[in-house]
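Have a look at the structure below before the remarks.
The values are calculated or read from the model by the stated rules, or taken from the named source; none is laboratory data. As the structure is a prediction and not an experimental result, all values here were calculated from the model. Reconstructed Cβ throughout: ideal geometry from the backbone, glycine too, with neighbour counts over all protein chains shown. Heads up: the accessible areas ignore ligands, DNA and RNA and are worked out on the full protein's heavy atoms, side chains in. Shrake-Rupley method; radii C 1.70, N 1.55, O 1.52, S 1.80 Å.
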Amino acid sequence: MTKFSDLSLAAPLVEAIEATGYTTPTPIQSQAIPLVLQGRDLLGIAQTGTGKTAAFALPILDRLSRAPGPLPRMSTRVLVLAPTRELAGQIAQSFKTYGQFLKLSVGTVFGGVTINRHIKQMQRGTDVLVATPGRLLDLIDRKAMNLDNVEVLVLDEADQMLDLGFIHALRRIVPLLPRRRQTLFFSATMPPAIAQLAAQFLNDPAKVSVAPPSTTAERVLQQAYFVTAGEKQDLLHHVLRTEEIDRVLVFTRTKHGADRVVKKLEASGFKSAAIHGNKSQPQREKALAAFKSGYNKVLVATDIAARGVDVPGVSHVINFEIPNVAEQYVHRIGRTARAGADGKSISFVAGDERPYMRDIEKLTRQKPVLLDLPEGMTVQRAPSEVPPAGKNGAGKPAGAKPGNRPRRVRSKGRPGGANHGQGAHGGRRQSGGAA
Ligand code: AMP
């Protein structure tokens, strides 16, 4: 097995790796680092959680440490493009961590915050700039920066860039880059559109793949419930009460869906927060910090917002709604079982989501274990009740607030009322559908 000391990285980097607590390189690291150190272009097929950030950051830092130079005014020596601000922030943090014993400047630019800060930052220039494509082009269009000094370009999570509609931005960026450069291109999946994009950026790349395209992280135990949309919230509460959870990421398809789930979780005493595109940067940071610290065990997220969430110790991923793009499922469950830890994903599959699940099974060539719905689960069960005792959720729910008491609503198919007045049959749908 390769050791970090076999990779001939500069001493300050080895020191930083030790300080970080890593003992052995992950497969993508032991394969990619020597190739990048040789100066090769690289096409890396790796899911998040494989250690791919260090796989590119370490050899890049090695290069910078061996050829130190002045900061290029209004430009950068290394440009890393990432699809979301969260991911950009985390990549920048990784560069800072691994480069802690080097004197380097690492900058980040992304949308959603005032551009003046970025304009000022770019006046001095950076060694490493991590950017989302939109804000980068904004700065270039304002003549606040240029890409003339880029020696190394990294495109991270290219499939997400495409999904998020960054293709035009990327096409505009290519001709602005020096022809002579090293390019590292990472994607979790390699559909034809990504291969095309890669061909535009790369020159005779070495290929490294740590998981065949579109297979799911092997360590993730995948489970599923077939459940009606209206029962999903109850099922979520049940799972939160009965599973041994360190941290759980709950995925919804829409922003409103995420907010709805959080509102009901909070009403039932589960500390939780949502992150999605409608949240301000401070709100996102606060939610992430609470999740990281363990104050909130539950983070409800949309696919896009969760892209950059790199929180160790996510024990569970819950697919509250099933993604209609099968690759998203691969991304979602890759959020757990990161770097050696085991993880579990539980999918709540409503009737109209079965076809999505079939697509996912085709793509991953894996079938989640189907679980029986908890016995006695009924929609009118009080939210804070301990796992269902009786069919109608009989007995006073522990800690239930007066306002949360089950209300009677018209319900055709089932006896009794519905949780928060929303029955599976009589009430309106709790989830699903675009908002
Ligand atoms: P990534 O795939 O880059 O998002 O990394 C996933 C997680 O693995 C991050 O939390 C890293 O800090 C961690 N990690 C990266 N490399 C190693 C390693 N060699 N040993 C242990 N953990 C690592």
>> Take the residues in the range 48-83 that are among the hydroxyl-bearing types (Ser, Thr, Tyr) and within 13 Å of the ligand (Cβ to nearest atom); name whichever of them is surrounded by the most Cβ atoms within 10 Å (Cβ to Cβ).
In response: 53
>> Exactly one condition in (1) in a helix (DSSP H, G or I); (2) within 11 Å of the ligand (Cβ to nearest atom) is false for residue 15; which is it?
In response: (2)
> Within the range 18-46, how many residues are near the ligand (Cβ under 8 Å from one of its atoms) and open to solvent by 20 Å² or more (accessible area, probe 1.4 Å)?
Replying inline: 6
>> Suppose the filter is in contact with a strand residue (DSSP E or B) (Cβ under 9 Å, 6 or more places away or on another chain), outside any strand (DSSP E or B), in the same structural domain as residue 105 (by TED's automatic domain parsing) and under 29 Å from residue 365 (Cβ atoms); does residue 145 pass it?
In response: no
>> Just the residues that are away from the ligand (no atom under 15 Å from the Cβ) and either exposed (fewer than 14 other Cβ atoms within 10 Å of the Cβ) or of a type in the set (Val, Ile, Thr) (or both), please, taken from the range 3-12.
In response: 8, 11
> For the range 150-249, which helices (runs of 4 or more DSSP H) that fit wholly inside it have 2 or more residues that are open to solvent by less than 30 Å² (accessible area, probe 1.4 Å) and not assigned by TED's automatic domain parsing to the domain that holds residue 309?
Replying inline: 158-163, 167-173, 192-201
> When you look at residue 89, is it modelled with pLDDT under 95, within 16 Å of the ligand (Cβ to nearest atom) and not hydroxyl-bearing (Ser, Thr, Tyr), yes or no?
Replying inline: yes
> Limited to the range 263-302, what total is found for residues that are touching a residue at least 60 places away in the same chain (Cβ under 8 Å) and within 16 Å of the ligand (Cβ to nearest atom)?
Replying inline: 1
